[in-house]
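Working notes, beginning with the structure itself.
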Amino acid sequence: MMMSLNEPKRQDLGGIADGLADSDPGLASMLTIFSRLAAGEEMPARETVRVRRGRPAARRPRRARRHPRGIALPQARRLYPRLGLQQALLLLWVVTSAGALAVALVLSTSGH
């Protein structure tokens, strides 16, 4: 099955080829050679890629890289680890207490 393009797509590809020829003539000549060699080839079958649900790929933890001698290096720690419920409540209490203390100091130092 040969790939056929409509006229607007051909014009778009022509514009890309012209821009490539202006910016890098060596690469443009390699593209021309490749196009001539692949002119009679069939397009490969379309590959279906399975979509994975869950965290985005950029946020997945990386695997520990192996040291050249085969020793696994430790993974980097998170910059801001998540707090448990007890730590979150303690932090809330500390912030609330500090705020109340600051308000009390401001009110006590204001003159009558």
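The values are calculated or read from the model by the stated rules, or taken from the named source; none is laboratory data. Just so you know, these numbers come straight off a predicted model, no measurement behind them. When we count neighbours, we look across all protein chains shown, and the Cβ atoms used for this are built from the backbone with ideal geometry, even at glycine. Heavy atoms of the whole protein, side chains included, go into the accessibility calculation; ligands, DNA and RNA do not. Shrake-Rupley method; radii C 1.70, N 1.55, O 1.52, S 1.80 Å.
Side notes on the structure shown:
- Pairs where the first residue, in segment 85-112, is part of a helix (DSSP H, G or I) and the second is not small (Gly, Ala, Ser), C-beta under 8 Å, 6+ apart: Leu91/Leu83
- Search result, residues across segment 1-49 that are of a type in the set (A, V, I, L, M, F, W, C) and open to solvent by less than 100 Å² (accessible area, probe 1.4 Å): Leu5, Leu13, Ala17, Leu20, Ala21, Leu27, Ala28, Leu31, Ile33, Ala38, Ala39, Ala45
- Residue in segment 44-56 that is of a type in the set (Gly, Ala, Ser) and either at pLDDT 85 or above or closer than 30 Å to Leu13 by Cβ (or both) present: yes
- Matching entry among Ala72, Ala76, Ala88 (being at pLDDT 65 or above, farther than 30 Å from Leu5 by Cβ and open to solvent by less than 100 Å² (accessible area, probe 1.4 Å)): Ala88
- When restricted to residues that are of a type in the set (Gly, Ala, Ser) and in contact with a helix residue (DSSP H, G or I) (Cβ under 6 Å, 6 or more places away or on another chain), segment 13-43 contains 2.
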